[in-house]
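Okay, structure first, notes after.
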Amino acid sequence: MSGHLPPRRFNRRDVLQVLGAGVGLGASRALPWNAEALSAAQNVFKSVHAVTVPKGAIIRTLLKDLSPEAFVNGATLVHEHLSINVDLMVEELKAAKDDGLGGLVALTTDRRPDDQVERIKQIAARSPVHIILGGGYLEDLGFHKYEASVAAMSESQLVEELVSDATRQRWGALGEIGTSLQLQPDERKMLRAVGQASART
C-alpha cells in the first residue's frame, strides 16, 4: 500500500540495544541509591566517583602497555569472552567502538591454548578497541568444574603455571576466577594461587 514503509529488519545489535535499554531502565527504578546520577554516569562512560590511579601505572593490553589515560574516552567491558571467529569479532568491535567502547577484558574459564591467543591477537591488531587478555580457572559446581589437571596440581604448581601463562600470553588481568557457593578445597587452593600469581606479575 502507498504511504507505508516496508517492515524494518532488526539485526543482533539492534535487539541487544533495545534489551539493554530495557534492563537498564528496570534496574534504575529498583536501585536504592541515586539512580539518576548512576544512569547519567553510565551514559557518558564516567565513574560517579573520581578514580585515583598510582603514578606510573600501566594497563597491559595484548599488544602493548598503555597508560590509564588511554582508556578515558570510552567504556571498558570487564568480563567478555571473544569468539575465535576473527572477522566477525573485528566487525563487532568496530561497531562497538562507534557505540562508545574503548576497551575490553577478554576472560576465560579454563587454560587458554596458544593458538586461541594468536587469534585474539589478530582481532586486537585489526580492532580499534584495546583488548586486555585475562586468564585463569573458574569453578562453580553445577555450572562449571575445573579441568582434571587442576585437582592434580599443588598450589605452588598452579602459581608457576599462572605466572608462566600470564608472562608468555601477555595477560593484563586474572580471570575468570570464581567459586561455588560452598567453597571447595580446590577452589581455596586456586584463590591462594591466583593471589600469589597476581603479586608476582
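Summary table
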read-out	value
Coil-residue chymotrypsin sites (Phe, Trp or Tyr not before Pro) of segment 139-201, DSSP, other Cβ within 10 Å capped at 11	PHE143
Cα centroid of segment 93-118 to Cα centroid of segment 137-201, whole Å	20
³J(HN,Hα), Karplus 6.51/-1.76/1.60, whole Hz, each residue of segment 179-188, x for Gly, Pro	9, 6, 4, 9, 4, 9, x, 5, 5, 5
Filter on LYS64/LYS94; LYS97/LYS145; LYS55/LYS94 - keep pairs with C-alpha separation over 23 Å	LYS97/LYS145; LYS55/LYS94
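FYI, it's all coordinate maths here, none of it is from the lab. Note that the structure is a prediction, hence the values are computed from the model and not measured. Positions of Cβ are backbone-derived with ideal geometry, glycine not excepted, and every protein chain shown enters the neighbour counts.
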